[in-house]
Amino acid sequence: MTPPTGACDHVAVRLSGDPSATPPIDHVLVAVPDLQRATTCLRDLGFVVADGGCHPTLGTRNALVQWADAYVELITPHDPAVAAANPLGADLLRFLEQRAGGLLGFCLRLTEAHVTRRLADLTAGWTVWQDVTRTSPSGTTLMWDLAFPGTPRLRGPSPFFIRWHPQSVPHRPVRHPNSTRGIEALHVHLPERSAVYEWYRDVLISVLDGHATAKPCKSTQCRGHHGTHDNPAGLTALTLIGDTEDRWALPPEIFGDLELAVHFQPQPEEDQ
């Protein structure tokens with residue numbers, strides 16, 4: 001059936017950033033064409049942005065905005081020849097060929113306690129990459145395993161999954177001058193009649209058990225306002241939690257159509 005003129009045939013999905021989710025959001029990837037300019041912009045907005053380092057096997061480089069349980073990863077090509085020769089680096093290159101920058105993808109964290117119980121359900125036909133590494137500017141080498149539903153890729157509305165090696169978890173509490181304390185939610189728009197939405201509905205939403213919700217997108221201006229139909233990733237916005245309500249206009253030539261907002265959430269008394 002053809003939708004009525006102006007109606008939206010997409011589903012709006014909200015993924016909670018609550019660290020008690022199983023599995024929780026580990027990090028959100030933001031592709032940028034110029035890492036230094038992106039870093040400077042976010043620092044000017046009151047974020048502490050840490051230099052990350054290079055992924056030698058992927059041909060990429062990153063910087064991190066960290067909180068206690070999750071982080072935003074700014075990622076850019078570092079060695080285009082190496083990036084083009086592997087599926088993950090090539091995915092980043094293709095994204096930046098189509099867009100100035102923006103939300104690239106996201107990663108859920110698997111721990112030893114539930115990796116065997118959850119991995120097969122979450123990633124039917126999954127692929128695991130062993131021993132991915134990054135060396136930080138201090139010389140520390142971080143190691144992790146990645147798993148993907150189907151073809152390995154960074155870009156797209158389907159998450160990929162990470163299992164950090166012992167002593168390699170990069171999460172650490174950081175006090176940001178703008179008072180942000182973590183990720184509140186990641187917002188995804190998916191075509192209702194699509195395999196990826198069926199996977200969300202039948203697998204991911206049920207596994208996240210209340211930490212993800214989906215509802216029809218009722219916006220008659222979805223095509224023009226949200227840009228959903230033009231966004232190859234399907235990821236539309238990221239909201240953070242903090243001590244104030246805020247919304248930032250990010251330079252579109254660096255961050256594409258990324259929407260970044262902060263919602264007020266009182267701190268637990270023991271954290272004050």
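Taking the conditions exactly as written (outside any helix (DSSP H, G or I) and open to solvent by less than 20 Å² (accessible area, probe 1.4 Å)), does Leu29 satisfy them or not? So Leu29 fits the description; yes. Checked against (1) open to solvent by 30 Å² or more (accessible area, probe 1.4 Å); (2) in contact with a helix residue (DSSP H, G or I) (Cβ under 8 Å, 6 or more places away or on another chain); (3) in a loop (DSSP other than H, G, I, E, B); (4) of a type outside the set (S, T, N, Q), Pro157 meets all criteria but (1).
Here are some residues: Thr22, Thr76, Thr57. Which one is open to solvent by less than 50 Å² (accessible area, probe 1.4 Å), of a type in the set (Ser, Thr, Tyr), modelled with pLDDT under 95 and under 29 Å from Thr111 (Cα atoms)?
After applying the criteria, what remains is Thr22.
Could you list all residues from region 88-117 that are modelled with pLDDT under 60 and part of a helix (DSSP H, G or I)?
Residues satisfying the conditions are Val115, Thr116, Arg117.
Only one entry in Val13, Val82 is of a type in the set (A, V, I, L, M), touching a strand residue (DSSP E or B) at 6+ places or on another chain (Cβ under 6 Å) and in contact (Cβ under 8 Å) with a residue 12 or more places away in the chain, namely Val13.
For beta carbons closer than 6 Å, sequence separation of 6+ or different chains, a first residue in region 181-200 that is more than 30 Å from Phe47 (Cα to Cα) and a second that is open to solvent by 30 Å² or more (accessible area, probe 1.4 Å) and in a loop (DSSP other than H, G, I, E, B), the qualifying pairs are Glu192/Asp9; Val196/Ser158.
The values are calculated or read from the model by the stated rules, or taken from the named source; none is laboratory data. This is a predicted model, so every value here is computed, not measured. Every residue, glycine among them, receives a Cβ derived from its backbone with ideal geometry; neighbour counts consider all protein chains shown. Just the protein is used for accessible areas: all its heavy atoms, side chains included, with ligands, DNA and RNA removed. Shrake-Rupley method; radii C 1.70, N 1.55, O 1.52, S 1.80 Å.
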